Amino acid sequence: MPGVASLLGDARYTGPYLGGAPGRLSDRTIARDTIRSACQAMNLEDAGEVLRAFVLVMAWGSGPVSSRGIRNTGRALERAETAHAVLARAALGLRTTACGSRILLWMSR
């Protein structure tokens with residue numbers, strides 16, 4: 001699906017890379033609060049929004065190194081319809097269940 005990595009360069013969800021491990025001038029960083037914002041704002045019925053948030057979360061979770069998570073993100077996106085269905089169902093559970101509410105509360109700390 002075209003554009004699924006677009007949030008990685010979006011200033012609403014990423015910031016400039018400020019140091020640490022060597023990076024390129026174009027590198028961006030992602031903070032946990034912006035992950036939460038992207039996930040809460042996404043329309044679960046819109047496959048593009050769900051998959052863009054998924055890519056943002058996976059990039060945040062992988063940190064500054066290439067990892068198995070990044071490789072598996074690409075594999076998950078090979079079946080965009082299935083990925084959307086699974087991710088939207090999981091997000092709905094987080095939004096509407098008591099357990100999901102506790103997880104979201106924990107993430108806000």
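Observations on the structure shown:
- When the stretch 90-100 is filtered for residues that are part of a helix (DSSP H, G or I) and farther than 13 Å from Ala47 by Cβ, the ones remaining, listed by number, are Ala90, Leu92, Gly93, Leu94, Arg95, Thr96, Ala98, Cys99, Gly100.
- In the stretch 34-93, residue surrounded by the fewest Cβ atoms within 10 Å (Cβ to Cβ) [restricted to those that are among the β-branched types (Val, Ile, Thr) and farther than 27 Å from Pro16 by Cβ]: Thr82
- Among the candidates Leu87, Leu94, Leu77, Leu44, residue that is modelled with pLDDT of 80 or more, under 15 Å from the mean Cα position of the chain (by Cα) and under 18 Å from Leu8 (Cα atoms): Leu77
The values are calculated or read from the model by the stated rules, or taken from the named source; none is laboratory data. Because the structure is a prediction, the values reported are computed rather than measured. Using ideal geometry, Cβ is built from the backbone for each residue, glycine included, and neighbour counts are taken over all protein chains shown.
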